[in-house]
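A.B. asks: Provided herewith is a single structure, encoded as structure tokens, for subsequent inquiry.
What follows is calculated from the coordinates using simple rules that are stated; it is not laboratory data. Source: prediction; values computed, not measured. Positions of Cβ are generated from backbone atoms using ideal geometry, with glycine treated the same way; all protein chains shown enter the neighbour counts.
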Amino acid sequence: MAKLADWLRLVVLAGVAAVLAVPSFQAAAGVGLPKLERGKGEKCVEDTQFMRRNHMELLKHQRDDTMRKGIRTTKHSLKGCVECHAGSQSGSVAAGKDDFCMACHVYTGTRLDCWDCHATKPGKQSFFGTGAAAGQAAASPRNPAHNQGGGQ
Amino acid sequence: MSAPEKQETLQERREFLKAGAVVAGAGLASGVLVFGAAHSRPPEQAATADRRWGMLIDTKQCGDGCNDCVTACNTENGLDGKTGPQDSQWIRKLNIKDLRNGRVHELPMLCQHCEHPPCVDVCPTGASMKRADGIVLVDRHTCIGCRYCMMACPYKARSFVHEPLTEQNPEVPRGKGCVESCTFCVQRVDRDEQPACVEACNAKGHQAMIFGDLMDPESALSKALKSQASTEVRADLGLNTGVRYQGI
């Protein structure tokens with residue numbers, strides 16, 4: 001009798017496990033891992049695995065150093081990230097869900113505030129025409145072709 | 001002179017000019033380097049209190065109706081140039097009239113980069129801050145948009161961003177919900193350039209603004225302040241402003 005009870009318990013547990021497993025298996029099959037476009041540079045400023053886990057710490061450290069102390073090293077600067085990782089289609093790191101930042105942040109469901117203030121596209125607007133894309137930007141500081149970066 | 005001889009002379013002259021250009025170029029480049037060695041702070045080094053950035057504005061030189069400093073500021077910092085009560089203005093041209101005698105003149109008003117800034121005193125989060133070299137800034141990462149600093153500022157120098165922004169200048173992040181004001185173009189100052197307004201004023205030929213280091217007795221600013229009378233706006237408040245005026 002005791003043996004039958006054990007056997008029944010096993011069957012029930014197996015059934016529950018199967019029921020629980022099905023949706024997660026479906027979810028795993030339905031959502032593919034984010035596909036990231038390769039950056040323009042040779043390699044990232046740090047090891048890729050390190051960047052996956054720690055990019056936010058580096059950015060936070062750099063932001064306080066730059067903002068409060070005026071330290072302007074470029075290795076961990078957000079501007080540097082954008083210049084290298086802006087998408088070839090959108091010209092931006094966060095214009096659509098396939099762009100570099102959004103691909104992972106959409107996948108993990110984490111919202112980021114960086115782009116409320118920071119530019120998502122490389123290039124500089126200047127009154128005097130210094131900087132990389134300044135010649136174009138200075139002539140028309142609000143040039144939509146430059147700013148939206150469509151196609152390029 | 002025969003034709004081949006003439007040709008030869010021309011060729012010689014060309015060579016001479018070329019050599020001259022090379023020498024002049026080298027001189028220019030070394031001049032830039034000397035300037036760099038004397039003034040620049042390496043990017044990995046923090047700003048220190050050995051310097052205090054300041055400005056002298058000669059309102060007598062300020063052009064009537066000229067708005068170039070404002071336009072330059074707007075372009076450099078990505079402002080839209082609107083002047084409504086809820087729009088961001090980092091530098092404004094003011095018309096001032098002495099009612100007793102009718103004297104009218106113009107001056108640009110911007111953040112005065114006080115030594116004792118009331119906006120920093122009142123900030124509840126520490127977002128409003130004075131950098132070691134005297135530039136007063138808002139750290140948007142910690143600004144909660146309470147606008148207390150705007151009320152505290154006697155110069156009406158600060159603005160609040162009411163609407164979401166896009167297409168910011170990569171060097172000048174700005175966004176909704178934060179207070180902002182003139183930064184002396186800190187991104188330019190950190191690479192040894194002058195603020196956009198000053199450069200525009202000089203480019204126009206008015207030379208009404210001198211920017212420099214108040215701590216360096218050899219700077220053009222210190223020399224001007226030593227040799228000519230200048231005033232602070234609301235000197236009675238004892239804020240020791242970094243921006244001084246002449247002719248008001």
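A.B. asks: Which residues' amide hydrogens lie under 5 Å from the amide hydrogen of B:R244, considering only partners 5 or more residues apart or on another chain, with H built in the peptide plane?
C.D. replies: B:M55, B:L56, B:I57
A.B. asks: Do you know the relative contact order of the range A:33-118, to the nearest whole percent, from alpha carbon pairs under 8 angstrom that are 6+ apart?
C.D. replies: Details: 62 pairs, mean separation 26.8, N = 86.
Contact order relative to length: 31 percent.
A.B. asks: Using each residue's phi in the range B:133-141, evaluate 6.51 cos²θ - 1.76 cosθ + 1.60 at θ = phi - 60° and report the 3J(HN,Hα) Karplus result to the nearest Hz, with x for Gly and Pro.
C.D. replies: Taking θ as phi minus 60°, the curve returns 8, x, 7, 8, 9, 10, 7, 5, 5 Hz for the range B:133-141.
A.B. asks: Fewest Cβ neighbours within 10 Å first, please rank A:F50, B:F160 accordingly. The partial results should precede the final answer.
C.D. replies: Working: A:F50 12, B:F160 18.
With the sparsest Cβ surroundings first, the list reads A:F50, B:F160.
A.B. asks: As a quick test, which of the pairs A:K121/B:K130; A:K60/A:K121; B:K82/B:K176 have an alpha carbon distance above 22 angstrom in this structure? Don't skip to the end; give the middle numbers.
C.D. replies: Values: A:K121/B:K130 29 Å; A:K60/A:K121 20 Å; B:K82/B:K176 16 Å.
Violating the 22 Å Cα-Cα cut-off are A:K121/B:K130.
A.B. asks: Oh, and also: Loop-only check: which GluC sites (Glu not before Pro) in the range B:140-218 are DSSP coil with at most 10 other Cβ within 10 angstrom?
C.D. replies: On the way: sites: B:E167, B:E171, B:E180, B:E193, B:E199, B:E218; in loops: B:E167, B:E171, B:E193, B:E218.
Sites meeting the loop and neighbour criteria: B:E218.
A.B. asks: Quick one: order B:C123, B:C66 by neighbouring beta-carbon count within 10 Å, fewest to most. Before the final figure, lay out the partial values.
C.D. replies: Working: B:C123 22, B:C66 17.
Exposure proxy ranking, most exposed first: B:C66, B:C123.
A.B. asks: Which far-off residues, 5 or more places away or on another chain, put their amide H under 5 Å from the one on A:I71, with H placed in the peptide plane?
C.D. replies: Long-range HN contacts for A:I71: A:T66, B:A47.
A.B. asks: Work out the mean other chain Cβ neighbour count within 10 Å for the residues of B:171-178 and drop it here as an integer. Don't skip to the end; give the middle numbers.
C.D. replies: Details: counts 7, 5, 10, 4, 6, 2, 2, 2.
Neighbouring Cβ atoms belonging to other protein chains average 5 per residue here.
A.B. asks: Can you pull the mean other chain C-beta count within 10 Å for peptide A:69-81? Present the calculation step by step, with values, prior to reporting the outcome.
C.D. replies: Working: counts 7, 15, 8, 12, 4, 2, 1, 0, 2, 2, 3, 0, 0.
If you average over the peptide's residues, the count of other-chain Cβ atoms is 4.
A.B. asks: Further question: Give me the one-decimal nm value for the distance between modelled label points at B:D236 and B:T83, 7 Å along each residue's Cα-to-Cβ direction.
C.D. replies: 2.8 nm
A.B. asks: Also: Quick one: if the Förster radius is 35 Å, what FRET efficiency do B:H162 and B:A220 give, using the C-beta to C-beta distance and rounding to 0.05? Please list the in-between numbers first.
C.D. replies: Working: r = 39 Å, r/R0 = 1.11.
In this case the efficiency is close to 0.35.
A.B. asks: Among the aspartates and glutamates, which have Cα under 12 Å from the Cα of B:K204 when same-chain residues fewer than 8 positions away are ignored?
C.D. replies: Of all the aspartates and glutamates, those that pass the test against B:K204 - Cα under 12 Å, at least 8 places apart if same chain - are B:D68.
A.B. asks: Also, quick follow-up: Kindly provide the pair-distance distribution of the range A:33-118 built from C-alpha pairs, with 10 Å bins from 0 and whole-percent values in order of increasing distance.
C.D. replies: 16, 51, 30, 3
A.B. asks: With 10 angstrom as the radius, rank B:E44, B:E76 by how many other C-beta atoms surround their C-beta, starting from the fewest. Spell out each step's value before the answer.
C.D. replies: Values: B:E44 11, B:E76 27.
Ordered from fewest to most neighbouring Cβ atoms within 10 Å, B:E44, B:E76 come out as B:E44, B:E76.
A.B. asks: Sticking with this one: What is the range B:53-246's relative contact order, in percent, from Cα pairs under 8 angstrom and six or more apart in sequence?
C.D. replies: Values: 365 pairs, mean separation 58.8, N = 194.
It comes to 30 percent, rounded to a whole number.
A.B. asks: What percent of all Cα-Cα pairs in the range B:148-197 falls into each 10 Å bin, going from 0 up to the bin containing the maximum distance?
C.D. replies: 23, 43, 32, 2
A.B. asks: Follow-up question, since we're still on this one. Rounded to two decimals, what is Rg over Rh for the range B:53-246 when you use alpha-carbon atoms and the Kirkwood radius?
C.D. replies: Answer for the range B:53-246: 0.94.
A.B. asks: Just to confirm the filter: which trypsin sites (Lys or Arg not before Pro) across the range A:58-101 are DSSP coil and have at most 12 other Cβ within 10 angstrom of their Cβ?
C.D. replies: Qualifying residues, ordered by number: A:K75, A:K97.
A.B. asks: Taking every residue in A:56-68, how many Cβ atoms of other protein chains lie within 10 Å of its Cβ, on average? Can you show the working numbers first?
C.D. replies: Working: counts 0, 0, 0, 0, 1, 0, 0, 4, 3, 2, 5, 11, 10.
That average works out to 3.
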